[in-house]
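Peer 1: Submitted below is the structure of interest, expressed as structure tokens.
Values quoted throughout were computed directly from the atomic coordinates according to the rules given, and no laboratory measurement underlies them. Predicted model only: the values in this text are computed from it and were never measured. Neighbour counts run over all protein chains shown; Cβ positions are idealised from the backbone, glycine included.
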Amino acid sequence: MYMQFWGVRGSLPTPLTPQQIRSKISAVVQRIGPDDIKDADSRQRFIDTLPETINGTVGGNTACVELVNKKGTVFILDAGSGLRALGKKYGGANPRTYHILFSHFHWDHIQGLPFFDPIFNPKTEIHIYSPVENVKQLLSDQMEAPYFPVPLSACTKNIFFHIIKPMEPFEIDGTIIECKRMHHPGGSYSYLFKEDDHKIVYATDVELQPDDYKKGNPNYQFFGNADVLILDAQYTVEEVIAKENWGHSSFSHATDFATSMNVKKLFLFHHDPVYDDKKIHTILKTADWYMNHNRKVRTEVSVASEGMEITL
Ligand SMILES: [Zn+2]
Ligand SMILES: [Zn+2]
């Protein structure tokens, strides 16, 4: 199973600001020494050894994750603004089939759909999955005038809507998929993907509840022993207390949950738009430190970043 992050922000697209770019340049200038610019190799070495917060960014697009199974079937988890770049990868000209699964219908999870080039190719086939019965209406509404100039009815006619049931697994080209309702304003659905011995769980827009950690409840069957868990970690501990019922989790709850579910690799996801790269990496450092103290289970923790690829 191949996986790539195309959008990792929560709530709102968050481009780098001019000040943030200037501060990255300034940090580079402060680090550079005469030996770093001797020749092409030393320049490259210098660039490669810069911290991630300086020579990259976690990215500003909202939620969109691509999974490709061993048969080459493409699954797309949410249609945030990251979907636009994913559409460019495949191109509008080459018709193929996409399976798009929606966690829920807040703006940051649907706003990329009108900018997904393949949707305008009449030969593209798109299968849309959600437990929400009026999914077609919800997605059509954002493309009606005056919100968007091209309605969904003018896109490819090969869009098929599948209303799925939570905790009832189904199969697409050898991949077993299951969804589960989680705590979020209006509800959200997490998705589990299984292929051979590999298990990936996508759980965005989830406010973890005390019961979620209990072994023996359906969570363990769903999340337990996942190779990869992509989990909402929008807040710090202080924020999650101040923002009870806003529908998101803290990074420390995310690390506790991942270890209690015996997860191998945790990706902190749905980064808050107020946080810059430095703050998000400070959160990662803290989560990593926290994970390594008094833990029987060692879960590897990473920050989900745009463009990051994983192959299981
Ligand atoms: Zn969201
Ligand atoms: Zn939401």
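Peer 1: Restricting attention to the stretch 72-99, report how many residues are surrounded by fewer than 24 Cβ atoms within 10 Å (Cβ to Cβ) and over 19 Å from GLY60 (Cα atoms).
Peer 2: Qualifying residue count for the region: 13.
Peer 1: Scan the stretch 128-138 and tell me whether some residue there is in contact (Cβ under 8 Å) with a residue 40 or more places away in the chain, surrounded by 15 or more Cβ atoms within 10 Å (Cβ to Cβ), more than 19 Å from TYR2 (Cβ to Cβ) and among the charged types (D, E, K, R).
Peer 2: no
Peer 1: Which one is farthest from the chain's Cα centre (by Cα) among residues in the stretch 243-266 that are farther than 21 Å from PRO218 by Cβ and touching a residue at least 60 places away in the same chain (Cβ under 8 Å)? Working first, answer last.
Peer 2: Step one: filter the stretch 243-266 for residues farther than 21 Å from PRO218 by Cβ, giving 243-246, 248, 250-252, 255, 265.
Pick out the ones that are also touching a residue at least 60 places away in the same chain (Cβ under 8 Å) and you get 245-246, 248.
Numbers: ASN245: 21, TRP246: 19, HIS248: 14 Å.
Applying the filter and picking the extreme gives ASN245.
Peer 1: Step by step: first the residues of the stretch 119-143, then only those that are aliphatic (A, V, I, L, M) and assigned to a loop (DSSP other than H, G, I, E, B), then the one that is nearest to HIS184 (Cα to Cα). Which residue is that? Even if it seems obvious, please write down each step before you answer.
Peer 2: Taking the stretch 119-143 as the starting set, the residues that turn out to be aliphatic (A, V, I, L, M) are 119, 126, 128, 132, 135, 138-139, 143.
After this cut, where a residue has to be assigned to a loop (DSSP other than H, G, I, E, B) as well, the list is 132, 143.
Details: VAL132: 14, MET143: 25 Å.
Residue satisfying both the conditions and the ranking: VAL132.
Peer 1: Right, next: Applying the selection to the stretch 167-187, what residues are surrounded by 15 or more Cβ atoms within 10 Å (Cβ to Cβ) and more than 20 Å from the chain's Cα centre (by Cα)? Give the derivation first.
Peer 2: Of all residues in the stretch 167-187, those surrounded by 15 or more Cβ atoms within 10 Å (Cβ to Cβ) come to 172, 175, 177-180, 182-184, 187.
Hit for the stretch 167-187 is ILE172, nothing else.
Peer 1: Please find, among THR57, THR53, the residue that is touching a residue at least 24 places away in the same chain (Cβ under 8 Å) and assigned to a loop (DSSP other than H, G, I, E, B).
Peer 2: Values: THR53 fails: assigned to a loop (DSSP other than H, G, I, E, B).
Of the residues listed, the single one that is touching a residue at least 24 places away in the same chain (Cβ under 8 Å) and assigned to a loop (DSSP other than H, G, I, E, B) is THR57.
Peer 1: Could you please tell me which pairs satisfy a Cβ distance under 9 Å, a separation of 6+ or placement on different chains, a first residue in the stretch 96-118 that is assigned to a helix (DSSP H, G or I), and a second residue that is acidic (Asp, Glu) and surrounded by 24 or more Cβ atoms within 10 Å (Cβ to Cβ)?
Peer 2: ASP108/ASP78; ASP108/ASP205; HIS109/ASP78; HIS109/ASP205
Peer 1: Continuing with this model, one more query. Answer yes or no as to whether GLY33 is surrounded by fewer than 20 Cβ atoms within 10 Å (Cβ to Cβ), over 30 Å from SER130 (Cβ atoms), touching a residue at least 60 places away in the same chain (Cβ under 8 Å) and out of contact with any helix residue (DSSP H, G or I) (no Cβ under 6 Å at 6 or more places or on another chain). So that I can check it myself, show each step before the final result.
Peer 2: On the way: surrounded by fewer than 20 Cβ atoms within 10 Å (Cβ to Cβ): yes; over 30 Å from SER130 (Cβ atoms): yes; touching a residue at least 60 places away in the same chain (Cβ under 8 Å): no; out of contact with any helix residue (DSSP H, G or I) (no Cβ under 6 Å at 6 or more places or on another chain): yes.
When the stated conditions are applied, GLY33 does not pass them.
Peer 1: Of all residues in the stretch 3-50, how many are part of a helix (DSSP H, G or I) and aliphatic (A, V, I, L, M)? Full working, then the answer.
Peer 2: First, pick out the residues of the stretch 3-50 that are part of a helix (DSSP H, G or I): 18-31, 34-37, 40-48.
Those left that are additionally aliphatic (A, V, I, L, M): 21, 25, 27-29, 37, 40, 47.
Of the residues in the stretch 3-50, 8 are part of a helix (DSSP H, G or I) and aliphatic (A, V, I, L, M).
Peer 1: Being surrounded by 21 or more Cβ atoms within 10 Å (Cβ to Cβ), more than 16 Å from ligand 2 (Cβ to nearest atom) and either among the hydrophobic types (A, V, I, L, M, F, W, C) or farther than 22 Å from HIS248 by Cβ (or both) is the filter here; which residues of the stretch 203-227 pass it?
Peer 2: Those that are surrounded by 21 or more Cβ atoms within 10 Å (Cβ to Cβ), more than 16 Å from ligand 2 (Cβ to nearest atom) and either among the hydrophobic types (A, V, I, L, M, F, W, C) or farther than 22 Å from HIS248 by Cβ (or both): PHE222, PHE223, ALA226.
Peer 1: Pick from GLY247, GLY307: which is out of contact with any strand residue (DSSP E or B) (no Cβ under 6 Å at 6 or more places or on another chain), over 19 Å from HIS183 (Cβ atoms) and part of a loop (DSSP other than H, G, I, E, B)? Talk me through it step by step, then tell me what you get.
Peer 2: Details: GLY247 fails: over 19 Å from HIS183 (Cβ atoms).
Of GLY247, GLY307, the one residue that is out of contact with any strand residue (DSSP E or B) (no Cβ under 6 Å at 6 or more places or on another chain), over 19 Å from HIS183 (Cβ atoms) and part of a loop (DSSP other than H, G, I, E, B) is GLY307.
Peer 1: I would also like to ask the following. Of the residues ASP232, ASP212, which is charged (D, E, K, R), within 16 Å of ligand 1 (Cβ to nearest atom) and either closer than 24 Å to ARG298 by Cβ or in contact with a Pro (Cβ under 7 Å, 6 or more places away or on another chain) (or both)?
Peer 2: Numbers: ASP212 fails: within 16 Å of ligand 1 (Cβ to nearest atom).
When all the criteria are applied, what remains is ASP232.
Peer 1: Ok, one more. Residue by residue through the stretch 1-59, note down the ones that are at positive phi and among the hydroxyl-bearing types (Ser, Thr, Tyr).
Peer 2: SER11
Peer 1: Considering only the stretch 102-111, I want to know if a residue exists there that is touching an Asp or Glu at 6+ places or on another chain (Cβ under 8 Å) and away from ligand 2 (no atom under 16 Å from the Cβ).
Peer 2: No: zero hits.
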